[in-house]
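To start, the structure under review is shown below, and the notes come after it.
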Amino acid sequence: EKQLAADMPFNPNKPGEYGDASRTPAEGDHHQPSTHAATGSTSSEIVSSDKVGSGTPPQGENPTVAPLDRVRVDPADRHLTTNQGVPVADNQHSLKIGLRGPTAMEDFILREKITHFDHERIPERVVHARGSAAHGFFEAYDDFSSLTRAAPFAAKGKQTPVFVRFSTVAGERGSTDVARDVRGFAVKFYTDEGNWDLVGNNIPVFFIQDAMKFPDLVHAAKPEPHHAMPQAATAHDTFWDFAGLSPEIAHMLMWVMSDRAIPRSYRTMQGFGVHTFRMINAQGESRFVKFHWTPLQGTHSLVWDEAVRISGADPDFHRRDLWEAIESGNFPEWELGLQIFTEEQAASFPFDILDATKLVPEELVPLTPVGRLVLNRNPDNFFAETEQVAFCTAHIVPGIDFSNDPLLQGRNHSYLDTQITRLGGPNFHEIPINSPVVQIQNNQRDGFHRQAIARGRVNYEPNSLGGGCPFQAGKRGFTSFPERFTTEDKVRGNPELFAEHYGQARLFYNSQTPAEQAHIANAFRFELTRVQTPMVRQRILALLANVDDALAAKVAEGLGMDVPEPLPRDYQGEVPEYAPSPALSLLSRPGETGVRTRRVAILVAPGVDGTQVGKLYAGLLKSGAVPRLVGNMLGKVKAADGAALDVEISLEAGPSVMYDGMIVPDGAADGLARNAHAIDFVREQYRHCKPILVLGSGADLLSKAMIPTALPDGSPDPALLVDGKLDAFEAALAGHRAFVRETDPPMV
Ligand code: HDE
């Protein structure tokens, strides 16, 4: 039997209960010896006891903001207790009046356990319910204080802790990771001057321009209210109905129908602040900025057919990928780039920088790299951290300010407000993952779930009884940029340039490679085919007719319809012409990590060349790839030389879509060819344009699966290597996919 270890602080939530020794602060905490400040406490409070501690906390201490260690709970070598700390003798049986009798009402242990369980769930986020997160840091490349006084940019090499949550938008908490959707990219910086939340997306523009329209947009995109279908998908009538009646959506539609909306990994997505923000330096000078996160891993996406299959094979695909990368020490990394511009520059742009449906082309304002983001630690507890984290666009720090983007202005209200329902009250800032690393001192009091025990009689300001504390920070504190306004009428409406919806939609489309353009057309075809109401399809075609004739024609053909008259345009001025921006193509950022973390299936079966398999496996591991021996079923496979190989996963449990590339070694084909899973595996690898290496008789599996070894035009397939070298395979793997192989409809 484990003994009670009452002298040890087994629940760090309650360090004060275990005497002074257990109050030793965690590293990084500025714990000062107590001098008992002017707290107004009476002498009777200053009685030391195990429960209340000394009654004199160190001056200014507020343990609700201490490092997370203060609330990490580890059960090793501990017995069960109730929530009141009472040791639990029997956790298997309720208390009964005789073994076959009714359960006693008195069983407080049962009732506490069941009651807590009954209330385990909290409401999911109204959007972005499905997400995954990790801890890490942001490191500034330099001292950028001439641009901003924001603490993370104050010195070269300065590190600021962060917590980052990625998400889909429309799906519910348990929905698939790989739905076609925008991804959230929300970063909480725990800065020296309070928390700064940069709550962005993986797409730099948005569906609508004004917060007023957000509830309608979300209602239209979410499952239809009468039958709650479809889950995590925009491919239904209500979304497209709303879209066709909201032409400002044109640019965003190009992005969400592109491969951006089906990323290969959270690690291979860009992130964007979307809105224009301000940065302000210590002299009060302001510049506009746009935030860009660029992944070192490159920008890579799935193909649609693959995404659909992954939803079945592993709906946690992105969550698992992020988790495994961090666990294996492959810490994902992004560079933060800023587009910095002045008010005068902004006034010269052919679009309005307050319009979230517009981006600032990088050709117009190039990126200035300012630092890097590294995610290096998985959360300890999904609920406590990933679920309870509360991002809020209004969480900004000195040196950062808003623009008047009407979407951002509305968000600034929404994010704090929504937490009050979701997290059950106004004290969510005290939930450990949300609390800043700096002191919270103010006269806000009480409310549900209050943690801080504010001392003294003074809870107002100004005061003299508390020595005037806490006092206003004055110049050190946050000051809003004193933007000057001319006197204008109070109106509901939009600035003029907001009405121009098509120039940048066209810019995006024209900046894509032919393969990417084809994927956009196919995505429209797929989504609109799912739409039941012909009129709704028709209106989208009319919208596309304003973007690109060829695209409209291609989608119309796919729907068996004619291209209608273009939607009438609100904007009377000239639609700006933009030169194509190669930076908008996903393929323009192959990344710097090569084959690291890319998953490779080596198919094995009895008679396979074991030495070859060993060499391939070791070679791939050496390059940082993740090889897996995939076979008909788990267990040993006898290689040609008699050695036994361990199959790591079966074809059934680890289908093709789980891998970025495949190898069929010599001798494996015979033992695989009768398993239709193996045939499917090769065909899907091929159809999804993944690199394939076949060695010796391994090539037989290709012919069994009827895979063409040359491209439709007769030229060699750059990613199908017959008797090729591992180096060449790895080069193809680093290049991700060979879209040249693609046909519509697929031939394989
Ligand atoms: Fe959000 N959004 N949003 N959004 N959003 C929320 O806040 C909202 C918008 C974004 O990982 C909610 O805490 C309004 C743009 C992310 O926890 C809610 C409007 C962008 C996340 C909310 C927008 C985003 C949210 C739901 C239009 C990209 C997840 C739960 C005016 C720049 C953060 C919550 C996380 C979450 C409101 C538009 C990104 C309801 C009203 C534009 C990444 O407050």
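Readers should treat all values here as calculations from the given coordinates under stated rules, not as data from a laboratory. What you see is a predicted model; the values in this text were computed from it and never measured. Don't worry about glycine lacking a Cβ; one is built from the backbone with ideal geometry, like all the others, and counts go over all protein chains shown.
Table for the structure above
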{"read-out": "Region 547-597 and region 680-748: distance between their alpha carbon centers, rounded to Å", "value": "29 Å"}
{"read-out": "Region 599-741: antiparallel DSSP beta bridges as a percent of all, rounded to 5", "value": "25 percent"}
{"read-out": "Estimated FRET transfer efficiency (F481, A235; beta-carbon r; R0 35 Å; 0.05)", "value": "0.25"}
{"read-out": "Alpha carbon Rg of region 228-336, scaled by the compact-globule rule 2.2 N^0.38 Å", "value": "1.38"}
{"read-out": "Region 125-153-region 504-538 distance, computed between alpha-carbon centres (Å)", "value": "33 Å"}
{"read-out": "Gain in span if fully extended, H119 to E327, counting 0.36 nm per residue against the direct Cα distance", "value": "71.7 nm"}
{"read-out": "Region 452-596, relative contact order [Cα under 8 Å, separation at least 6], %", "value": "26 percent"}
{"read-out": "Length-normalised contact order of region 224-291 in % [C-alpha pairs under 8 Å, at least 6 apart]", "value": "16 percent"}
{"read-out": "Per-residue [θ]222 nm for the chain (sum of -39500 (n - 2.57) over DSSP H runs n ≥ 4, rounded to 500)", "value": "-6500 deg cm²/dmol"}
{"read-out": "Positive-end residue, the chain charge dipole about Cα centroid, Cβ charges, pick of Y571, A390, Q504", "value": "A390"}
{"read-out": "Relative contact order for the chain, counting Cα pairs under 8 Å that sit 6 or more residues apart, in percent", "value": "11 percent"}
{"read-out": "Separation of alpha-carbon centers, region 360-377 and region 46-103, rounded to whole Å", "value": "46 Å"}
{"read-out": "Assigned charges on the beta-carbon of Lys, Arg, Asp, Glu; region 501-588 dipole about Cα centre (debye)", "value": "300 debye"}
{"read-out": "Region 562-668: Rg to Rh, with Rh as the Kirkwood radius over Cα pairs", "value": "1.37"}
{"read-out": "13 Å tail of the calculated P(r), region 370-415, as % of Cα pairs", "value": "70 percent"}
{"read-out": "Cα gyration tensor category, rounded, prolate or oblate, for region 398-489 with a/c compared to 1.5", "value": "oblate"}
{"read-out": "Bridge type composition, the chain - antiparallel percent by DSSP, nearest 5", "value": "80 percent"}
{"read-out": "Nitroxide proxy distance, nm - points 7 Å out along Cα→Cβ at A579 and F349", "value": "1.8 nm"}
{"read-out": "Largest-first principal axis extents of the Cα set of region 80-120 (Å)", "value": "29, 22, 16"}
{"read-out": "Rg(Cα)/(2.2 N^0.38 Å) for the chain, N = residue count", "value": "1.08"}
{"read-out": "Cα Rg, Dmax (largest Cα-Cα span) when computed across region 80-161, Å", "value": "25.8, 78"}
{"read-out": "Whole-angstrom Cα spans of region 641-725 along principal axes, big to small", "value": "42, 27, 22"}
{"read-out": "Shape box of region 599-741 [Cα atoms, principal axes, largest first, Å]", "value": "42, 33, 26"}
